[in-house]
Structures are given as structure tokens and as C-alpha cells.
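Below is one structure; the comments refer to it alone.
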Amino acid sequence: MLALAVAQRSASLLNFVPDAVSVLPAPQNLSVQSTNMKHLLMWNPVTQPGETVLYCVEYQGEYESLYMSHIWIPSSQCSPTKSLECDVTDDITATVPYNFRVKAMLGSQTSAWSNLEHPFNRNATVLTPPRMEVTEHGLHLVIELEDLGPQFEFLVVYWRREPGAAEHVKMVRSGDIPVHLETMEPGAMYCVKAQALVKAIGRHSAFSQPTCVEMQGESLPLALALFAFVGFMLILVVVLLSVWKMGQLLRYSCCPAVVLPDTLKITSSSQKLISCRKEEVDACAVAVLSSEHLFGVWISQT
């Protein structure tokens, strides 16, 4: 009888609970998927037919837990969010355990907080071999690695594909930038592989699969050099002939050579010209003219 009375009293109290304070189901199955230092918190949806449920995400690091009275900080990316996942990469700034919790919200209704079962540490991230593109440029190998973020460096190993060949190592500080390796031997085959390094967590990925390319031979560069030399010599000859021709034209234009007609050529140092009038035969005038004077008279008459 006592148990029945308690059950009836509880049912009557539930009838007086207003709808405004009714709670939503809490999100379930919280997990963190982390690859190449990109951390994604995920959870199962809270279903409310015809309604859009929002979610609030908060985190608590080691510092907040030990020195700030266990306070929780809202995520910079997901407070609130409609999505079922939250990128918490920017919230995780140290290699220490982090706790996460999520609650659902619909109007004035909220759910209880749902906590991540085990704290997450970024040193558990999965590091994958970097993707890279290898090309041949002249006698250089050119590699371009994918950009995985500012915390990544890359160890590049390359070698000539032949028995007993030595490996060469080059450190690349960032991705998405073409990197030229040292000069290679023409006509030979070279291989390249790379791995990603993260100093913040003291870990590295496995090496990528080797990519091999054959360096171009010398025949094409030598032919290009020969054609360039022949073309240069032809241009030089044309320029020299043009300069000589222009000099000849200027010489004959400014200082032309004048040839006297045979009738004006002087065979002796002087000549006597006798001018006589028809009316006065006995009166004669004798004049001695120079060759320059005779030339001037010829020019004025022509």
C-alpha cells in the first residue's frame, strides 16, 4: 500500500511539470578522430521531428582542470552548431589530456551534458605519409609536398636507382612550395620518398612510396646551344653588314666625289685665253685663269 501511494504521488507531481523545463536526450557516442594534427569531435544526433537541434561544445584542458577550478571553456568553432561534428584543432594547444562535453539545445529545452569517455591527447593523432609530386626540370629534380600545416616538416630522401647507390637527405620546412634538389646526372633514373615530422609531439609518419623519374639526356640541350650559337653568329654578321652599308651611304651623301669632264681638265699649270672683239682685231686681251676658276664658271653655267 505504501509503494502504491508513493507511485501515485510521483505521477501527480509529473503532471504539474511545465513543458518549458522538459529536457532533451543527451548526445551519445562522443569520439575524436584525429589525422595529421587535425582533430574532429563527433557525436550521434538528437532527433526531434520537424525541429532543428543545436549543440554546444565545451572543453577542459589540464591547465583548466588543475589551476582554474575545473572550468569548462566553449569551443571557438562550435558554440553553438547545427553540425554533428566540431573541429577542435584550435582548442587543443598543448600535448596534454583534454576533456570534451556536448549538450543539445532546442529553444528553452536543453539536454544533460554528455562527456567524452576518455580524455584526448593530440600525440595520439594518426600521421600519414605525405603526398608529393616529382617532376624533372632540366637536370634538377623538383618535388612539391602537400601542405599539412605549420607544425609539419618533411624529410626527403633521394637516390640514383642502381645497386649500392648512396641516399641523400634534404629537410623541407613547409609544404606546397616547389623544392629543387641538387644537379643530377643526365640520362640516369632517380627515386624520391618523404616522411612527415611533427616536433610538437615528437613523432613522424612512415615514408611515402618511392617515386622515380628519368633525367633528360644532354642531346637536346647541346642541340639548343648549337642552334643558339649559329643564330647569334648570323645576327652578328647581319648587324656588321648593316653598319658597313650605312657608313658607305653616309660617306657618299655627305662628301660626294666630283669628276671633272674632259673639256675642263687642265694639262698645264696655266693657260692663256685670248679674247678678241670682232670689231677690233688688233686689240686683244690676254688672261691667265686657274683650274679652280674655270671649274666655278662651269658650275655656274650648268
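The values are calculated or read from the model by the stated rules, or taken from the named source; none is laboratory data. What you are looking at is a predicted structure, and each value in this text was computed from that prediction instead of being measured. FYI the Cβ positions are ideal-geometry reconstructions off the backbone, even for glycines, and counts take in every protein chain you see. These area figures cover heavy atoms from the full protein model, side chains too; ligands, DNA and RNA do not enter into them. Shrake-Rupley method; radii C 1.70, N 1.55, O 1.52, S 1.80 Å.
Assorted remarks:
- The trypsin sites (Lys or Arg not before Pro) of segment 31-131 meeting both criteria, a DSSP state outside H, G, I, E and B (loop) and at most 14 other C-beta atoms within 10 angstrom of the site's C-beta, are Lys82, Arg131.
- In nm, spacing of pseudo-spin labels at Val230 and Met68 (7 Å Cα→C-beta vector): 7.6
- Between Asp87 and Asp176, the simple spin-label model (points 7 angstrom out along Cα→Cβ) gives 1.2 nm.
- Given charges at Cβ of Lys, Arg, Asp, Glu: segment 132-215 dipole, positive-most of Val157, Met189, His204: His204
- Accessible area per residue (1.4 Å probe, heavy atoms of protein chains only) ranks Asp91, Asp176 as Asp176, Asp91, with the largest value leading.
- Dipole magnitude for segment 132-215: computed about the Cα centre from +1 point charges on Lys and Arg Cβ and -1 point charges on Asp and Glu Cβ, it is near 380 debye.
- With the simple spin-label model, which puts each label point 7 Å out from Cα in the Cβ direction, the Thr52 to Thr135 separation comes to 4.4 nm.
- In this structure, Gln216 and Val238 have a Cβ-Cβ separation that, at R0 = 30 Å, corresponds to a calculated FRET efficiency of about 0.35.
- Estimated FRET transfer efficiency when R0 is 25 angstrom, pair Leu106-Ser76 (beta carbons, to 0.05): 0.60
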